[in-house]
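The structure appears right after this line, and notes come after that.
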Amino acid sequence: MSAFSVQPLLEGRSLPLLLRADTAGQPLGEALPMLRETIDRHLTDCGGLVFRDFSLDGPDAFRAFAAGFGHPLLTYEFGSTPRSQVTSGVYTSTEYPPHQHIPLHNEQAYTRDWPMKIWFYCMQPALEGGETPIADSRAIYRDMPPAIRERFTEQGVMYVRNYGNSLDVDWQQVFGTDSKSDVEAYCAGHDIECEWKEDGELRTRQVCQGTARHPVTGEWVWFNQAHLFHVSNLEPEVRESLLDVVGDEVDLPRNVFYGDGSPIDDETLSTVRGVLEKHKLSFPWHAGDVVMLDNMLTAHARAPFKGPRKVIVAMAEAHRRS
């Protein structure tokens with residue numbers, strides 16, 4: 001059976017760790033049994049792995065590889081961004097326009113339920129850009145100014161979402177149903193407050209964690225998407241025009257507050273973004289690369305790109321905040 005090498009992908013960094021086939025073309029799914037001990041030993045230490053020079057024959061083979069870790073692949077429930085299903089348990093990466101940057105975040109950290117594992121498979125790297133930067137959520141937590149870290153830990157974060165009206169994703173797409181009663185049942189089961197507005201559209205509120213403790217390592221991580229949902233994430237002219245349309249910050253397509261409902265000031269989120277940027281690590285995709293992340297230990301992003309790009313995603317090992 002073909003062997004593989006293990007080394008840091010980036011000089012002087014333990015994240016990510018590169019697992020590289022010694023003989024190019026070894027099927028990744030077939031190699032999984034010999035890779036498992038290395039994966040199990042290193043993933044919770046470094047937080048992320050890159051598999052390179054293995055072969056993977058399309059989305060179904062990717063699905064089989066991700067499912068080979070023993071947990072059912074997850075559906076993209078209560079999503080916040082547009083994406084499409086490629087095959088069962090496999091989705092496109094976020095379908096934002098190529099010129100847009102997607103900031104660092106941990107998948108579904110805006111909820112009380114999230115995947116512990118996430119995989120990215122690069123079927124086609126972009127002609128220019130299109131990297132998937134990553135960052136150590138433990139280091140971000142440690143580097144966050146204590147006053148900010150403590151308030152996010154103690155109060156948590158309240159996410160307010162207003163769906164549809166051509167301003168954001170429709171609630172039917174987010175919840176995967178046309179039934180209001182099904183939406184209400186989902187919300188009741190996930191500690192989400194929901195209300196139907198006079199125009200028939202939906203508003204939800206959910207108080208979630210600002211930081212979290214990893215269930216295996218016991219380490220604290222920065223774990224929220226306040227910097228993405230907050231109105232300060234919008235370009236100033238977009239922010240102004242949206243407020244002109246909706247009239248109040250609570251009616252914006254999405255916004256975020258401290259868990260007690262008090263506002264988070266722009267300066268706080270600017271500081272948060274600065275810490276995230278400081279810890280961002282970037283590397284170019286190679287065709288056929290697979291990246292595996294511990295979703296609590298490692299955040300991910302997307303750089304703008306030019307030309308066709310195809311990166312697909314799978315998630316597994318559901319975890320619910322206790």
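The values are calculated or read from the model by the stated rules, or taken from the named source; none is laboratory data. In this text the structure is predicted, and so the values were computed from the model without any measurement. When we count neighbours, we look across all protein chains shown, and the Cβ atoms used for this are built from the backbone with ideal geometry, even at glycine. Ligands, DNA and RNA are stripped out before the accessible areas are found, and what is left, the full protein with its side chains, is counted by its heavy atoms. Shrake-Rupley method; radii C 1.70, N 1.55, O 1.52, S 1.80 Å.
Filter region 221-235 down to the residues that are touching a helix residue (DSSP H, G or I) at 6+ places or on another chain (Cβ under 7 Å) and surrounded by 21 or more Cβ atoms within 10 Å (Cβ to Cβ), then identify the one that is modelled with the lowest pLDDT. Residue satisfying both the conditions and the ranking: H230. With the structure loaded, tell me whether D178 is farther than 21 Å from E107 by Cα, loosely packed, with under 13 Cβ neighbours inside 10 Å and in contact (Cβ under 8 Å) with a residue 12 or more places away in the chain or whether it fails that test. No; evaluated as a whole, the condition is false for this residue.
With respect to T217, determine if the residue is out of contact with any Gly (no Cβ under 8 Å at 6 or more places or on another chain), surrounded by 15 or more Cβ atoms within 10 Å (Cβ to Cβ), in contact (Cβ under 8 Å) with a residue 12 or more places away in the chain and over 30 Å from R41 (Cβ atoms). Judged against the criteria, T217 is not a match.
What is the residue count in region 87-124 for residues that are part of a loop (DSSP other than H, G, I, E, B) and under 23 Å from E193 (Cα atoms)? Quick ask: steps written out before the conclusion?
Of all residues in region 87-124, those part of a loop (DSSP other than H, G, I, E, B) come to 88-89, 93-101, 106-112.
Cutting the leftovers down to under 23 Å from E193 (Cα atoms) gives us 106-112.
Residues that pass the stated criteria total 7.
Identify all residues within region 289-322 that are over 21 Å from D40 (Cβ atoms), assigned to a strand (DSSP E or B) and open to solvent by 50 Å² or more (accessible area, probe 1.4 Å); write none if there are none. If the condition is that a residue be over 21 Å from D40 (Cβ atoms), assigned to a strand (DSSP E or B) and open to solvent by 50 Å² or more (accessible area, probe 1.4 Å), then K306, K310, R320 are the ones that fit.
Which residues, counting only those in region 105-139, are of a type in the set (A, V, I, L, M) and either touching an Asp or Glu at 6+ places or on another chain (Cβ under 8 Å) or more than 22 Å from V90 (Cα to Cα) (or both)? First the steps, then the outcome.
Of region 105-139, the ones of a type in the set (A, V, I, L, M) are 109, 116, 118, 123, 126-127, 134-135, 139.
The answer is M116, I118, L127, A135, A139.
If I ask for residues that are assigned to a helix (DSSP H, G or I) and either hydroxyl-bearing (S, T, Y) or outside the structural domain of W222 (by the TED database) (or both), which ones from region 148-201 would you list? Passing the criteria: T153, S181, Y186.
The numbered conditions (1) at pLDDT below 95; (2) open to solvent by 50 Å² or more (accessible area, probe 1.4 Å); (3) over 23 Å from the mean Cα position of the chain (by Cα); (4) within 25 Å of R302 (Cα to Cα) are all true for L242 except (2). Applying the condition of being touching a Lys or Arg at 6+ places or on another chain (Cβ under 7 Å) and at pLDDT below 85 to region 94-118 and asking which residue is nearest to M296 (Cα to Cα) yields T94. Regarding A24, is this residue out of contact with any Pro (no Cβ under 6 Å at 6 or more places or on another chain), in a loop (DSSP other than H, G, I, E, B) and small (G, A, S)? The answer is yes for A24.
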